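Below: the structure, in structure tokens.
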Amino acid sequence: MLGYIWQYVYTSFLRYWLKWFIRQATGTCELQRICSGNKPGATRTSKAEYSLRSSKNKVLRGALEASKDQLEKCADQIMKEKNVKPQKDPLFKESLHICLLQITGNSSLYVSVENMRKEVFSSENQEHEAMLLKLWDLLMPTVKLDSRITKQWGDIGFQGDDPKTDFRGMGLLGLINLVFFSENYTEEARQVLSHANHPKLGYSYAIVGINLTEMAYSLLKSGELKPHFYNTVPGTPELRQFHQLYCYLAYEFDKFWVAEEPESIMQFNQYREKFHTIVKTNLQDPDVNLTLTACSKK
């Protein structure tokens with residue numbers, strides 16, 4: 001209770017006067033001190049985001065909702081509001097602009113991912129069908145499908161004769177992630193599939209992949225992926241970066257599963273949550289970088 005009271009008092013009253021006092025003493029605003037005192041990455045951008053979000057100035061708060069093509073103008077407006085002279089701090093505008101690109105880019109990335117998740121896989125859509133068949137060819141290059149609807153789909157971890165029913169939760173996003181991993185990290189994807197088909201430690205490759213897509217989606221939605229993107233993308237994160245994050249999860253979960261040696265696939269939820277906790281703990285590291293270290297084809 002005392003913690004909440006202190007937080008309210010600090011944010012509502014003390015923070016303003018503390019910032020004013022430091023400004024008088026140093027001649028620089030809080031955003032300048034953040035940008036000059038921290039290297040590019042999660043620590044700098046997270047502090048800048050907090051500063052902007054906590055500001056009583058509408059211009060500063062409004063920058064968090066601006067579109068990408070308005071951000072340079074927003075940086076100019078912030079400098080004007082804070083009386084920052086380019087001659088005295090020539091690096092500030094560029095640093096602030098990068099922070100704004102990262103902050104607003106995280107929101108726009110979520111919108112793109114959500115739209116992809118909402119798109120329903122349709123067997124009547126030729127592009128959807130081609131993507132599904134491509135997944136098979138990438139993972140099983142020496143084996144031909146007997147037909148479009150066949151029990152063979154179980155060999156790469158789908159539940160039934162027609163994979164389309166397995167994409168209901170994550171929509172087209174689940175399939176795109178599976179294909180991206182198989183196309184850009186083919187050797188690693190086939191290695192993971194071989195582990196998934198192990199007679200004792202096996203699991204449903206495609207179903208688990210879709211489940212990990214849900215994990216990546218939830219972490220993005222909650223904002224927990226921000227430190228990773230702030231450290232790895234010096235600008236606006238794109239869909240490709242989200243797919244690469246999925247590749248990391250798919251590869252690392254397989255390593256985790258094999259090392260843990262679960263007694264049965266029935267324990268999947270238990271180990272999934274344990275892995276989830278590990279990922280969330282890693283994301284609390286200000287230097288976090290959840291990037292698959294294997295060499296991508298692209």
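The values are calculated or read from the model by the stated rules, or taken from the named source; none is laboratory data. A quick note: this is a predicted structure, and the numbers were derived from the prediction, not measured. Using ideal geometry, Cβ is built from the backbone for each residue, glycine included, and neighbour counts are taken over all protein chains shown. Just so you know, the surface numbers come from the protein's heavy atoms only, side chains and all, with ligands and any DNA or RNA stripped out. Shrake-Rupley method; radii C 1.70, N 1.55, O 1.52, S 1.80 Å.
Could you tell me how many of the residues in region 223-266 are assigned to a helix (DSSP H, G or I), modelled with pLDDT of 95 or more, more than 14 Å from H195 (Cα to Cα) and open to solvent by 10 Å² or more (accessible area, probe 1.4 Å)? Break it down stepwise before answering.
Kept after step one, since they are assigned to a helix (DSSP H, G or I), are these residues of region 223-266: 226-232, 239-260, 265-266.
Checking the rest, the ones that are also modelled with pLDDT of 95 or more come to 226-232, 239-260.
Narrowing the set further to residues that are more than 14 Å from H195 (Cα to Cα) leaves 226-232, 239-249.
So of that shortlist, the ones also open to solvent by 10 Å² or more (accessible area, probe 1.4 Å) come out as 226-227, 231-232, 239-241, 243-244, 248.
Residues flagged as assigned to a helix (DSSP H, G or I), modelled with pLDDT of 95 or more, more than 14 Å from H195 (Cα to Cα) and open to solvent by 10 Å² or more (accessible area, probe 1.4 Å) within region 223-266 amount to 10.
Apart from one condition, N289 fits all of (1) part of a loop (DSSP other than H, G, I, E, B); (2) at pLDDT 95 or above; (3) exposed (fewer than 14 other Cβ atoms within 10 Å of the Cβ); the exception is (3). Restricting the search to region 32-54, which residues are touching an Asp or Glu at 6+ places or on another chain (Cβ under 9 Å) and part of a loop (DSSP other than H, G, I, E, B)? Listed by number, the list holds a single entry, G41. Filtered by the rule that a residue be modelled with pLDDT under 95 and among the acidic types (D, E), region 82-100 gives a lone residue, D89.
Filtered by the rule that a residue be under 20 Å from W153 (Cα atoms) and not in a loop (DSSP other than H, G, I, E, B), region 200-222 gives Y205, A206, I207, V208, G209, I210, N211, L212, T213. Considering region 165-177, the residues that are open to solvent by 30 Å² or more (accessible area, probe 1.4 Å) and in contact with a helix residue (DSSP H, G or I) (Cβ under 8 Å, 6 or more places away or on another chain) include one that is farthest from A196 (Cα to Cα), namely G169.
Beta carbons closer than 8 Å, at least 6 apart along the sequence or on distinct chains, pair a first residue in region 53-64 that is over 15 Å from I103 (Cα atoms) with a second that is hydrophobic (A, V, I, L, M, F, W, C) and open to solvent by less than 40 Å² (accessible area, probe 1.4 Å) for V59/C74; V59/I78.
Scanning region 204-222 for residues that are surrounded by fewer than 20 Cβ atoms within 10 Å (Cβ to Cβ) and either modelled with pLDDT under 95 or hydroxyl-bearing (S, T, Y) (or both) turns up S204, S218, S222. Right, S182: among the small types (G, A, S) and open to solvent by 30 Å² or more (accessible area, probe 1.4 Å) or not? The answer is no for S182. Per the listing D155, D137, the residue uniquely without any contact (Cβ under 8 Å) to a residue 40 or more places away in the chain, assigned by the TED database to the domain that holds A216 and open to solvent by 50 Å² or more (accessible area, probe 1.4 Å) is D137.
Residues in region 158-176 that are over 18 Å from A189 (Cα atoms) and not in a helix (DSSP H, G or I): Q159, G160, D161, D162, R168, G169, M170.
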